[in-house]
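Before any comments, here is the structure.
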Amino acid sequence: MYCDRCGTQLTPGGQYCTKCGKAILGAGAVVGSAAGRGMGQAAGPGGTAYGAGSDGRVRRNLRTLATLWMINGVLRLAGAGSMIIFGGIFLPFLRGRRGPGAWPMGGWGLDGFLSRGVFSAGVVLAMFGVLHLVLAWGLFERESWARMLGLVMGFLALLRFPLGTALGIYTLWVLLPEESGTEYDRLAQGGGQMNSAAVSS
């Protein structure tokens, strides 16, 4: 038997789902069909059978995936902050210590190019860091738009070898398959119903 809200397998004789806390009523659980299990399928929320390629993949990996993107976003913001400080404060300070004639071509010399370039790169990295945190929040909350954002960020992460590539592959493995899209949509609908119930209560 499975919870019809989050798809978690229910404990025999239990009165509440151990994952989402929903009360188990007569129609509150779904029994996986023997035929479906024999074909390598598992019953999901609402009685939908997920294929063997999915088998609750999104539900089992969503929190881990969101945590990894959150950590990645925090590290990205930390690196971006260091670059912004270095490009906006340290390099101009170094030029002032060496004197106005230390670099050729005045304000357009080496120091100006480095400080502007490093500062701009830091700003761009900070924007990606914010996007990573937004994605992590959306996955934690099971927002409907988070899967599409995750796919975009996953493809972009493939370019950042090796850690970014690993995160991108993991993200696409969890979210890209068609069965994962169906499963995520159901989880998002269940999350929206939980949020609405929490607000009304």
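The values are calculated or read from the model by the stated rules, or taken from the named source; none is laboratory data. Values in this document were obtained by computation on a predicted structure and should not be read as measured data. Here the Cβ positions follow ideal geometry from the backbone for every residue, glycine too, while neighbour counts run over all protein chains shown.
Kindly indicate whether I89 is farther than 30 Å from A188 by Cβ and either part of a helix (DSSP H, G or I) or at pLDDT below 65 (or both).
So I89 passes the test.
Pairs, please: C-beta under 9 Å, at least 6 apart or cross-chain, first residue under 16 Å from R59 (Cβ atoms) and among the small types (G, A, S) and in segment 155-184, second surrounded by fewer than 21 Cβ atoms within 10 Å (Cβ to Cβ) and modelled with pLDDT of 95 or more?
Final answer for the pair search is S180/W173.
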